[in-house]
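**Q** One structure follows; several queries about it will come next.
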Amino acid sequence: MSFVSPEFALLCLLFFPLYWQLVDRPKLQRAFLLLSGYGLYATWSLTFAGVLFAYSAGIWALGWWVSRCDKERLPMVLALALVLCTSFLVYFKYYEFLRASLSDGLVHLGFQTSLPLMDLVTPVGVSFFTFQAVTYLVMAAQQSAQARSLPEVLLFLCFWPSLFAGPIVRAEKFFAQLDAGTTGRPLEVSLALYWIVLGAAQKLIFATWLGDTFVDPVFKYPEQQGGLTLLAAMVGYSLQIALDFGGYTLIVTGLARLLGYELPVNFRQPYLARNLQDFWTRWHVSLSSFIRDYIYIPMGGNRLGFNRTQCNVMLGMLISGVWHGPNWTFVFWGLLHGLGVVGVNFYRQARGPVLPAWLAHTLTLLFVTVAWVFFRADTLTGALNLLQGLWHNAHGFWHADIGQVLQLAVFTGVFLVTCRHAVALQTRVVDGMQSNSPWLVTPVMAVLIYLVIALGPSGVPGFIYYRF
Amino acid sequence: MKLAISVPQLGWMLCAVGLINTLLWLDALDNYLDARFQWSLSSHLPIDWFEPSRHLAEGVGKLASQIGRHAKEVTQTGQEMPAPPVKPAPPTMQLAVQALPAGSFLPSLVVQQLTAGPQRILFAGDSMMQGIAPLVIRDLSLKHPDWQMTDLSKQSTGLTSRKYFDWPRTIEQEIQAQNLTLVVIFLGPNDPRDMYLPEKRVSFGKPEWLENYAARVDEILANAVQNQVRVIWLGLPAMREETLQRGAMVSNHVFHDRAQAFGTDYLATEPLIGLVSLPFKKFMRDENGLSINLRGEDGTHFTPAGLNKIKQALVAHIEKALPQ
C-alpha cells in the first residue's frame with residue numbers, strides 16, 4: 001500500500017485518532033503501532049511480513065548475544081553477527097546477479113558453473129531495514145546494557161514510516177526517543193502537516209509531470225530524439241528524482257511526527273551543493289552518513305594517508321552504488337561519484353585555485369546530472385548511447401519541442417531559487433498555520449489536497465526508491 | 001515551536017479534510033476502487049452522490065489540460081460506458097474453457113499479410129507491452145526508417161475495466177486518426193477480476209464473464225477488420241500467481257478463438273517464456289545450455305532476456321507478414 005494511495009489516506013483517518021487515544025497507555029500504543037506496521041507490510045506480501053518478523057527476532061537474538069559477550073570475543077562475535085545480518089540482504093537482493101555474472105564470466109573463460117538457480121523475490125524495503133539492523137547490532141556492542149526487548153526491536157525494524165524507503169533510522173536515536181517518553185503524541189503538528197502536503201505536491205504534481213513529459217518518453221526512445229531533448233530529459237530526471245525521493249521523505253517524516261517520532265534528516269537542498277563532497281552531505285543523508293560511519297571510518301577513513309583515503313572513498317561510493325540494486329548501472333554510478341570525489345580531493349591536494357561559487361555550483365550540478373543517466377538507464381549501453389546522442393545525433397541538436405524545453409528551463413530556475421529560500425518559506429507557512437485557527441487551516445488544507453489530487457496523475461504512481 | 005493544534009482538534013481536522021476530499025473525489029475514488037480492488041462504491045451508494053464530484057472533476061480536468069497539466073480521465077459514474085456498436089456481427093464462440101493437457105499450448109496463428117509500403121503500427125497493451133514496444137520499435141526503425149510506430153501502452157490497463165481505461169474505444173480512435181495498417185496488442189494480467197456491467201457484477205471465469213470479455217476483444221477485432229487493419233494479438237505466458245495463471249489460460253483461449261474467428265494473427269509467447277499448462281518457472285535453458293532468467297521478481301513481467309525473446313519473435317512475425 002503506497003503512502004500516496006487513497007486507501008492509505010482513508011486508513012490514516014481511522015488509525016491516527018485511535019493511536020492518539022492510547023497516548024496514556026504507551027505499551028498498548030506501541031503494540032498498536034507495531035501491529036499497524038506488520039499490517040501495512042502484509043499488504044505488499046503476507047509471506048514477507050512473516051519473514052520480516054523472523055528476521056527481526058533473529059536480529060534481537062544476535063543483539064542479545066553481542067551485548068552479553070566479553071570484551072575479548074566481542075570483535076569476532078560482532079563480525080559474525082554482522083555477516084549473518086547482511087547475508088540476508090545479499091541473498092535476497094544480489095544472489096541472482098552474482099550467479100548470472102559469475103556464470104557469464106566463467107563461460108567467457110571456457111568454464112561452466114553449476115550454482116543453484118533460486119527463484120527469489122526481494123522483500124520490499126530490505127536494503128533499508130537491513131542497514132537499520134546493522135546500527136542495532138553495533139549499538140548493542142557499544143553499550144552492553146542497552147540490548148533491547150524483543151517488542152522494541154520488532155518495532156524498530158517495522159516502524160512503518162521508514163520501513164519501505166527510509167530514511168535509515170539509527171538504533172540509538174530511535175531508542176533514545178522511546179526512553180525519553182516523548183513518543184506517541186504528535187510533534188510540531190503544523191510542521192508535520194506542511195511536510196505531508198508539500199511532499200505529496202512534490203511527488204504527485206511535479207515529479208510525475210517531469211517523468212511523464214521529459215524523462216520517460218526520452219529514456220524509452222532515446223534514438224528518436226534530438227540532442228536538446230536528451231539534455232532536457234537528463235535535467236528533467238535530476239529534478240524528478242530529487243522531487244520524488246525528497247517528496248517521499250517529507251511525507252514519511254511528517255507521518256512519523258504525527259506518531260510522535262523524529263526521523264533523521266535525509267535532504268538538505270542537495271542541488272545547492274558546490275562540490276561533490278558537499279552534495280553527499282545533502283543527498284540521501286541517512287545513507288551517506290551510514291556509509292561514512294559504518295564503512296568508511298572503520299576502514300580507516302582519512303587517518304591512513306592520502307592514497308588510502310582515496311581508496312576508502314572509492315569503496316564507500318561503490319557500496320553506495322551497489323546498495324541501490326544488482327545492476328551494473330548502479331555499480332558504475334557509484335564508481336563515477338567515487339571518482340568525482342577523489343578528483344575533488346586531488347584538486348585540493350594540488351592546491352588548485354578556488355572556483356567562483358557559481359562555477360563550482362554549475363560544475364557540481366553538471367556532474368550529478370550526467371551521473372544520474374547511469375542511475376536511470378536500464379543498461380550501461382543505454383546510458384552511453386543516450387550521452388553519445390547529445391553530440392552524435394541523426395536529428396541534430398536543436399530538434400526539440402522548444403516550448404517544452406523553455407517550460408523546463410523556467411521550472412529549473414524556479415526550483416533552484418525555491419531551494420535557496422525553502423527554510424524561510426517553511427518558517428513563514430508554519431508560523432501562519434500556528435497563528436490561525438484550525439477552523440481556517442482545515443478548509444485551506446482541504447483545498448490544497450484537492451488541488452494536489454487534481455493536478456496529479458490518474459492512478460497511484462510508484463516511488464523511485466521503493467525499488468531499493 | 002509550540003503545539004498550536006491540540007490532539008482532538010487535529011483528529012477532527014484530519015477527518016474533515018478526509019471527508020471533504022472523499023466527497024469531492026467520490027467519482028474518481030469509485031473508479032480507483034473498481035480498478036484496484038474490484039469494489040464498486042457506486043453500486044452501494046445513491047448515484048446522485050457522484051454527480052457533483054464528476055462535474056467538478058470535469059471542470060478541473062479541462063482547466064488543468066488548458067494549463068498543460070495532465071487532465072484526469074473522467075468517465076461516467078457507476079456504469080460502464082456504452083460500447084460503440086460493432087458493425088460486423090461477431091461470430092459466437094465456444095464458452096467452455098478447458099485447461100490444456102500439460103505440455104501443450106495454443107499455437108500461433110499466422111494468416112495475415114501486410115500491405116506493401118511503409119507501415120503505420122500501433123502498440124497497445126499494459127505494462128508488459130511497455131517493456132516490449134520500445135525494443136520492437138527500435139529494431140523495426142533501424143530496418144524501416146520510414147515506418148510510423150506509436151506506443152500507447154499504459155500500465156494497469158486491460159479489457160475488464162473500461163472505466164479505468166477503454167482500449168476498444170482508444171484503438172478505434174487511433175485506427176481512424178492514424179490510418180493504421182497494423183495493431184499489436186499485449187495485455188491480460190490485469191483482467192482476471194470481476195466485471196461491472198450496468199446493474200450487475202459478473203464474476204471472473206463465469207460463462208457470462210467470458211462472453212462479455214470476448215465481446216470486448218471482438219469489438220477491437222471487428223473494428224480493425226472492417227478498416228482493413230491487421231492485428232497481432234500476443235498470448236500470455238505462464239504466471240507465478242495462481243489467479244493470473246488461470247487468467248492467462250482463460251485470456252489465451254479467448255484471444256486465440258477470436259483471432260481465429262476474425263482471421264487475424266495470434267502470437268503465442270508460451271513456447272518462448274513458459275507454458276501456461278505447466279507450473280511457473282523463471283529460468284529456461286538457452287541454446288548454449290545456460291540457465292537464463294526470463295521473468296521479473298513479480299513472476300508476471302520479464303527480464304531483459306525475456307523481453308528480448310519476445311521481441312525477436314514479434315519482429316520475425318511482422319517481417320514474415322511483409323509482402324515479398
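The values are calculated or read from the model by the stated rules, or taken from the named source; none is laboratory data. If you're wondering where the values come from, they're calculated on a predicted model, not measured in any experiment. When we count neighbours, we look across all protein chains shown, and the Cβ atoms used for this are built from the backbone with ideal geometry, even at glycine.
**Q** So which of A:Tyr41, A:Tyr19 ends up being at pLDDT 95 or above, within 14 Å of chain B (Cβ to nearest Cβ), part of a helix (DSSP H, G or I) and crowded, with 17+ Cβ neighbours inside 10 Å?
**A** When all the criteria are applied, what remains is A:Tyr19.
**Q** On the basis of being out of contact with any Leu (no Cβ under 8 Å at 6 or more places or on another chain), assigned to a helix (DSSP H, G or I) and either polar (S, T, N, Q) or at pLDDT 95 or above (or both), does B:Gln260 make the cut?
**A** It is false that B:Gln260 is out of contact with any Leu (no Cβ under 8 Å at 6 or more places or on another chain), assigned to a helix (DSSP H, G or I) and either polar (S, T, N, Q) or at pLDDT 95 or above (or both).
**Q** Next question, about the same structure. Scanning for something among the small types (Gly, Ala, Ser), touching a residue at least 60 places away in the same chain (Cβ under 8 Å) and surrounded by fewer than 22 Cβ atoms within 10 Å (Cβ to Cβ), does the stretch B:261-272 turn up at least one residue?
**A** Yes: the stretch B:261-272 contains one or more residues that are among the small types (Gly, Ala, Ser), touching a residue at least 60 places away in the same chain (Cβ under 8 Å) and surrounded by fewer than 22 Cβ atoms within 10 Å (Cβ to Cβ).
**Q** So which of A:Thr418, A:Thr381, A:Thr412 is in a helix (DSSP H, G or I), within 14 Å of another protein chain (Cβ to nearest Cβ), out of contact with any strand residue (DSSP E or B) (no Cβ under 7 Å at 6 or more places or on another chain) and modelled with pLDDT of 90 or more?
**A** A:Thr381
**Q** So, one more: Looking only at the stretch A:388-429, how many residues end up being under 25 Å from the mean Cα position of the chain (by Cα) and touching a residue at least 12 places away in the same chain (Cβ under 8 Å)?
**A** Count: 9.
**Q** Quick one: in the stretch A:166-190, of everything that is among the basic types (Lys, Arg) and within 29 Å of A:Ser127 (Cβ to Cβ), which residue is farthest from the chain's Cα centre (by Cα)?
**A** Applying the filter and picking the extreme gives A:Lys173.
**Q** Okay, next question. Quick check on my filter: what residues within the stretch A:171-189 are surrounded by fewer than 22 Cβ atoms within 10 Å (Cβ to Cβ) and either more than 14 Å from chain B (Cβ to nearest Cβ) or part of a helix (DSSP H, G or I) (or both)?
**A** A:Glu172, A:Lys173, A:Phe175, A:Ala176, A:Gln177, A:Leu178, A:Asp179, A:Ala180, A:Gly181
**Q** Could you list, in sequence order, all residues of the stretch A:326-344 that are touching a residue at least 60 places away in the same chain (Cβ under 8 Å) and either within 19 Å of A:Ser289 (Cβ to Cβ) or in contact with a Phe, Trp or Tyr (Cβ under 6 Å, 6 or more places away or on another chain) (or both)?
**A** Matches in the stretch A:326-344: A:Pro326, A:His337, A:Gly340, A:Val341, A:Val344.
**Q** Does the stretch A:107-130 contain at least one residue that is under 22 Å from the mean Cα position of the chain (by Cα), more than 23 Å from A:Asn266 (Cα to Cα) and surrounded by fewer than 21 Cβ atoms within 10 Å (Cβ to Cβ)?
**A** Within the stretch A:107-130, one or more residues are under 22 Å from the mean Cα position of the chain (by Cα), more than 23 Å from A:Asn266 (Cα to Cα) and surrounded by fewer than 21 Cβ atoms within 10 Å (Cβ to Cβ).
**Q** Report yes if A:Leu193 is over 18 Å from the mean Cα position of the chain (by Cα), within 24 Å of A:Val430 (Cα to Cα) and not in a helix (DSSP H, G or I), otherwise no.
**A** No.
**Q** For the stretch A:323-340, check the following and say yes or no: at least one residue is part of a helix (DSSP H, G or I), out of contact with any strand residue (DSSP E or B) (no Cβ under 7 Å at 6 or more places or on another chain) and over 30 Å from A:Ala100 (Cα atoms).
**A** No, the stretch A:323-340 contains no residue that is part of a helix (DSSP H, G or I), out of contact with any strand residue (DSSP E or B) (no Cβ under 7 Å at 6 or more places or on another chain) and over 30 Å from A:Ala100 (Cα atoms).
**Q** Let me ask something additional. Report, ordered by the first and then the second residue, all pairs with beta carbons closer than 8 Å, sequence separation of six or more or different chains, a first member in the stretch B:7-29 that is more than 7 Å from chain A (Cβ to nearest Cβ) and under 21 Å from A:Pro457 (Cβ atoms), and a second member that is aromatic (Phe, Trp, Tyr) and assigned to a helix (DSSP H, G or I).
**A** Partner pairs satisfying both residue conditions: B:Leu26/B:Trp49; B:Leu26/B:Phe50; B:Asp27/B:Phe50.
**Q** Still on this model: Which one of these does A:Phe375 not meet: (1) within 14 Å of chain B (Cβ to nearest Cβ); (2) part of a helix (DSSP H, G or I)?
**A** All conditions are met except number (1).
**Q** B:Phe255 is checked against (1) in a helix (DSSP H, G or I); (2) aromatic (Phe, Trp, Tyr); (3) within 14 Å of chain A (Cβ to nearest Cβ) and fails just one. What number does that condition carry?
**A** That leaves (3) as the condition not met.
**Q** Applying the selection to the stretch A:448-461, what residues are within 15 Å of B:Leu14 (Cβ to Cβ) and either more than 7 Å from chain B (Cβ to nearest Cβ) or among the charged types (D, E, K, R) (or both)?
**A** The answer is A:Leu448, and nothing else.
**Q** Mind listing whichever residues of the stretch A:421-433 are surrounded by 13 or more Cβ atoms within 10 Å (Cβ to Cβ) and either of a type in the set (A, V, I, L, M, F, W, C) or over 17 Å from A:Glu188 (Cβ atoms) (or both)?
**A** Of everything in the stretch A:421-433, those that are surrounded by 13 or more Cβ atoms within 10 Å (Cβ to Cβ) and either of a type in the set (A, V, I, L, M, F, W, C) or over 17 Å from A:Glu188 (Cβ atoms) (or both) turn out to be A:Ala422, A:Leu425, A:Val429, A:Val430, A:Met433.
**Q** Please identify the pairs in which a residue from the stretch A:29-47 that is within 12 Å of A:Phe164 (Cα to Cα) has its Cβ atom under 8 Å from the Cβ atom of a residue that is among the β-branched types (Val, Ile, Thr), counting only partners at least 6 apart or on another chain.
**A** What qualifies is A:Tyr41/A:Val124; A:Trp44/A:Val124.
**Q** In this structure, is B:Ala35 facing chain A (nearest Cβ under 8 Å), in contact (Cβ under 8 Å) with a residue 24 or more places away in the chain and either among the polar types (S, T, N, Q) or buried (at least 16 other Cβ atoms within 10 Å of the Cβ) (or both)?
**A** Yes: the conditions hold for B:Ala35.
**Q** For the stretch B:277-316, how many residues meet the condition of being facing chain A (nearest Cβ under 9 Å) and acidic (Asp, Glu)?
**A** Matching residues across the stretch B:277-316 total 2.
**Q** So A:Leu287 fits all but one of (1) within 29 Å of A:Phe175 (Cβ to Cβ); (2) surrounded by fewer than 21 Cβ atoms within 10 Å (Cβ to Cβ); what number is the exception?
**A** (2)
**Q** Look at the stretch A:6-28 and say how many of its residues are in contact (Cβ under 8 Å) with a residue 60 or more places away in the chain and aromatic (Phe, Trp, Tyr).
**A** Result for the stretch A:6-28: 3.
**Q** Among the residues in the stretch A:388-401, are any under 24 Å from A:Phe463 (Cβ atoms) and not small (Gly, Ala, Ser)?
**A** No: the stretch A:388-401 contains no residue that is under 24 Å from A:Phe463 (Cβ atoms) and not small (Gly, Ala, Ser).
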